[in-house]
Structure formats: C-alpha cells, structure tokens
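Data first, discussion second: the structure below is written as structure tokens.
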Ligand SMILES: C[S@@+](CC[C@H](N)C(=O)[O-])C[C@H]1O[C@@H](n2cnc3c(N)ncnc32)[C@H](O)[C@@H]1O
C-alpha cells in the first residue's frame, strides 16, 4: 500500500439530525453521515452526487444547487416524479396494501405511467426482504416480500420532505463520467464496491456490475477533477487494491456494521475508506 495520509475513526450510529433518505438503498451512507460530514467543505458552488442511489449525503446537506445522477433509471425516475408530482405518487401509493399478495402483484407489474413506476419502486424498496434492492441480469426486481407488517406503504411526510429537498435539483440518468463539474464544485462519489482481487463480500446488487476497469476510470476522473479545482470526496472499500488506486488522495478509515454482505462470514464490522482532496 502506498502512503496516503490516514487516520482511523470508529463509531457510527445514524444521527437523527439528518433528513432520512427517500428510500433504503444497498451501500446507502445513512449510518456514516457523521463521519462524511466532517470532511464536507463549508463552501462550494454546485454539489454533484454521480452515484446517487439513496443519496443520503444529499438529503443531509440539502445543497441549494445540486445535480444527482445514477445509471439506474428507476432511481432517477423516482426522484424526478417525487420532485415534480409528489401528490400523484402519494395517491398511487395509497392504493397499495402491505400484504404478501399485493407485494407480489406489484412486483410483477410494469406501470405505464412514470408516477406509477415511482410508486412501485418506493413500495418495493420499503417492503422487500431486508429493504434490499436487487435485480436479475435482465434488470427485473427479484427480492421476496419482507413480512414487515408494521410498515405503511405510503410514507407521505417522507415523500413531501424529499420533494421539497429536490426542488431545483437536476436528476439525470447517466454514467458518472458525464458530469460537468467545474472549479469550486463539490463532487461526492460513492460507487459500488468492487476490488481487484478476491471475494470482498460485497454483493452484486445491480444489473450491471461495476468492474475493476470502472474503478480505475473513476479514480483517474476524480483526480482530474481535483486538479481542475473541484473538491472531491470518494467512499470506497477498505482494500489494498483500492487504497493503492487512491494513493494521491488524503484518506480517513471508518467502520460500520453490515447486514448486506452475501455471506454471513462477512457480516459484522466492515471497514471503509473516505478519500478526499
Ligand atoms: C453504493 S450506491 C450509492 C449509495 C448512495 N450514496 C446512498 O447513500 O444511498 C452506488 C450507485 O451507483 C450506481 N451506479 C453503478 N454504476 C454506475 C455508473 N457507471 N455511473 C453512475 N452510477 C452508477 C448504482 O445504480 C447505485 O445506485
């Protein structure tokens, strides 16, 4: 491992002072916000989150000028509809019950309207087993019912709060490298965690796997942005191959509890890195 500047922090409970993300998402950063916030700069122009997912950091800082993007078109559609048509999304969600029968009916459905798609997405991410979002190789959501009978499918207040935070925010379906950040902007990268060698215990939860070539492409892109004068923060796995990739950045190590690992041998404490410049 090359010599990045490093310090270690352990702790990590979720903090109630931050707004909840709109939906639970694999690799979501809700529980790490307190640590990430320590390195978020006090001032910047635009905020970019090009691997938005549940966008936990965006919802906690609610920047005035922001661009969220992700390659998952259901994520992007959900944010756009909640931003522009929250009442319609709420109306559709209110028609759904929390029952095994409804869950499998809704899971098998392909709503025609964009608000219908957003309602289906919010319903499934709320009621799936462990709140997991996972699709098969054809991109079809395939997680079983979670039997969480206490959850109300339509969380109206959460949707309205998210809609408020999303006003004026651009949400785009695109690869991370398409962002147009310039000097003074803040970019937070939170890619899927793949490493160069071995089984790191992170599950493949999306229809396209983020390859090692993508990790290399990302580290180079992040460095180029920092050289252009952008403020850059990257979350990634605590792994030798990743630490080598970001050897030019400053680094903080953090650890969190994990229930998302595919194998039980990987559950428990998982170490992650924050790189920044
Ligand atoms: C670890 S998750 C982000 C979690 C997010 N920070 C949160 O708080 O919920 C990574 C996201 O990257 C997206 N993604 C995967 N490949 C991508 C790519 N090439 N460009 C942009 N987004 C991508 C996935 O769809 C997923 O939503």
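As an exercise: evaluate residue 185 against (1) closer than 20 Å to residue 214 by Cα; (2) crowded, with 20+ Cβ neighbours inside 10 Å and give the number of the one condition it does not meet.
(1)
Take residue 104 and decide whether it is in contact with a strand residue (DSSP E or B) (Cβ under 9 Å, 6 or more places away or on another chain), surrounded by fewer than 17 Cβ atoms within 10 Å (Cβ to Cβ), assigned to a helix (DSSP H, G or I) and modelled with pLDDT of 95 or more. Working first, answer last.
On the way: in contact with a strand residue (DSSP E or B) (Cβ under 9 Å, 6 or more places away or on another chain): yes; surrounded by fewer than 17 Cβ atoms within 10 Å (Cβ to Cβ): yes; assigned to a helix (DSSP H, G or I): yes; modelled with pLDDT of 95 or more: yes.
Criteria met by residue 104.
Residue by residue through the stretch 149-179, note down the ones that are surrounded by fewer than 20 Cβ atoms within 10 Å (Cβ to Cβ), outside any helix (DSSP H, G or I) and touching a strand residue (DSSP E or B) at 6+ places or on another chain (Cβ under 9 Å).
Selection gives 168, 170, 172, 173, 174, 175.
Since residue 138 meets every condition but one in (1) touching a residue at least 60 places away in the same chain (Cβ under 8 Å); (2) more than 16 Å from the chain's Cα centre (by Cα); (3) surrounded by 20 or more Cβ atoms within 10 Å (Cβ to Cβ), which condition does it not meet?
Of (1) touching a residue at least 60 places away in the same chain (Cβ under 8 Å); (2) more than 16 Å from the chain's Cα centre (by Cα); (3) surrounded by 20 or more Cβ atoms within 10 Å (Cβ to Cβ), only one is false for residue 138: (3).
With the requirement that a residue be in a helix (DSSP H, G or I) and modelled with pLDDT under 95, what does the stretch 217-242 give you?
Matches in the stretch 217-242: 240, 241, 242.
If I go through the stretch 38-59 residue by residue, how many of them are within 13 Å of the ligand (Cβ to nearest atom) and out of contact with any strand residue (DSSP E or B) (no Cβ under 7 Å at 6 or more places or on another chain)?
3
The values are calculated or read from the model by the stated rules, or taken from the named source; none is laboratory data. This structure is a prediction, so every number in the text was calculated from the model and none was measured. Methodologically, a virtual Cβ is constructed for each residue, glycine included, from the backbone with ideal geometry; neighbour enumeration extends over all protein chains shown.
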